[in-house]
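The structure under discussion appears below in the form of structure tokens.
The values are calculated or read from the model by the stated rules, or taken from the named source; none is laboratory data. Only a predicted model underlies this, so the values are computations on that prediction, with no experimental measurement involved. A quick note on method: Cβ atoms are made from the backbone with ideal geometry, for glycine too, and the neighbour counts reach across all protein chains shown.
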Amino acid sequence: AAKAAGRSTFQLYQPSMSEEILVRRSLEADLRRAVNREEFEVYYQPQTDAKTGAFTGAEALVRWNHPERGLLSPVIFIPLAEELGFIGSIGSWVLKKACMDAATWPAHLTVAVNLSPIQLLDRRLVRIVKNALAEANLPAHRLELEITETSLIGNDVQALAVLNELRELGVSISLDDFGTGYSSLSYLHRFPINRIKIDRSFISRVPNDPDSVSIIRAIAQLGTSLGMKITAEGIETDEQRVFSAGGGCDHLQGYLISRPIPYKQVACLFAEAVLQKPAA
Ligand code: C2E
Ligand code: MG
Ligand code: MG
Ligand code: MG
């Protein structure tokens with residue numbers, strides 16, 4: 001019945017509120033508090049070189065350590081934070097934390113931080129990034145910022161200006177979840193993009209689905225010929241790893257290598273890997 005009544009906001013205030021709306025409402029109130037109390041935590045998912053298997057860095061993935069509900073996924077609270085206007089403060093906090101943490105890793109390793117489209121259009125972004133690097137004493141080339149195609153649609157002039165300024169700082173730009181959005185080829189040559197991350201939905205279908213096989217090969221070939229690096233996201237099986245490495249992907253990320261893990265664990269993993277590496 002609620003569906004038939006359409007999207008009237010009046011519906012929200014009827015006593016027949018759905019469970020989902022109730023949960024959302026209570027999360028909204030909690031999120032305000034969480035921002036002030038810094039209930040967030042940054043996990044890191046290691047990435048490897050597709051050829052050698054050596055670690056190349058990690059992606060920072062935020063979690064909300066909710067006092068009653070436990071560890072909450074960003075899929076649930078990032079869209080809410082964007083709607084409520086908290087994404088700027090959460091995003092800046094993640095950026096700072098990720099830079100501080102990465103500064104303790106071996107110097108050849110990078111850290112990737114996801115940017116919401118709202119952050120990309122915030123005039124303060126370049127200064128926020130600059131400050132995060134300076135405070136952590138992290139060289140700019142060790143930071144990658146992940147954006148999605150959605151960030152670029154309709155904001156191309158402003159987005160291009162910001163991305164150019166970020167590149168001038170020495171930071172790299174990655175196009176995340178590639179293949180799921182509009183994937184206009186014009187983005188690849190109009191914007192200063194260093195890396196394409198091929199979305200998990202393609203990786204999960206190889207090697208059995210011939211279309212996904214062709215798509216991955218084509219994206220990797222196109223990106224490489226434009227001077228970009230290619231990451232395969234969501235590697236879960238050894239078959240997917242072997243295919244991606246052979247299909248032109250430079251770097252790998254996925255549960256097969258590691259799930260996202262807390263700072264302490266990733267720091268140990270990276271430190272051990274350096275010790276185990278045979279002297280050159
Ligand atoms: P993403 O940037 O595409 O990150 C990759 C997501 O895929 C992560 O989910 C990761 O845990 C998951 N993943 C990695 N490998 C595998 C795999 O082998 N199999 C499967 N099934 N999943 C895998 P997570 O951590 O839940 O994050 C979801 C999304 O939330 C991220 O997608 C990103 O868009 C967003 N997000 C996370 N942290 C932040 C942040 O600090 N700021 C912003 N704006 N967005 C964030
Ligand atoms: Mg990402
Ligand atoms: Mg992704
Ligand atoms: Mg994703």
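Assorted remarks:
- For the stretch 115-156, the candidate set comprises residues that are within 16 Å of ligand 3 (Cβ to nearest atom) and of a type in the set (Gly, Ala, Ser); within that set, the residue that is nearest to LYS96 (Cα to Cα) is SER116.
- When residues in the stretch 188-218 are screened for being within 16 Å of ligand 3 (Cβ to nearest atom) and under 29 Å from LEU138 (Cα atoms), 7 of them pass.
- Candidate set from the stretch 166-184 (those that are within 16 Å of ligand 1 (Cβ to nearest atom) and among the small types (Gly, Ala, Ser)); member that is modelled with the lowest pLDDT: SER183
- Between VAL171, VAL113, VAL129, the distinction of being in contact with a His (Cβ under 9 Å, 6 or more places away or on another chain) and among the aliphatic types (A, V, I, L, M) belongs to VAL171 only.
- The residue pairs whose first member lies in the stretch 140-152 and is under 19 Å from LEU121 (Cα atoms), whose second member is polar (S, T, N, Q), and whose beta carbons are closer than 6 Å, counting only pairs six or more residues apart or on different chains, are GLU144/THR110; GLU144/SER172; GLU144/SER174; GLU146/ASN114; GLU146/SER174.
- Single residue of the stretch 196-246 satisfying the filter (loosely packed, with under 14 Cβ neighbours inside 10 Å and not in a helix (DSSP H, G or I)) that is nearest to ligand 4 (Cβ to nearest atom): ASP209
- The residue list SER186, SER174 contains one member that is within 16 Å of the chain's Cα centre (by Cα), outside any loop (DSSP other than H, G, I, E, B) and among the small types (Gly, Ala, Ser), which is SER174.
- Pairs where the first residue, in the stretch 159-177, is of a type outside the set (A, V, I, L, M) and the second is within 16 Å of ligand 1 (Cβ to nearest atom) and outside any loop (DSSP other than H, G, I, E, B), C-beta under 6 Å, 6+ apart: SER172/GLU144; SER174/GLU144; SER174/GLU146; SER174/ARG195; SER174/LYS197; ASP176/GLU146; ASP176/LYS197
- Summed over the stretch 97-139, the residues that are outside any loop (DSSP other than H, G, I, E, B) and touching a Phe, Trp or Tyr at 6+ places or on another chain (Cβ under 7 Å) give a count of 1.
- Selection within the stretch 49-63 - closer than 23 Å to LEU143 by Cβ and of a type outside the set (Ser, Thr, Tyr): ASP49, ALA50, ALA54, PHE55, GLY57, ALA58, GLU59, ALA60, LEU61, VAL62, ARG63
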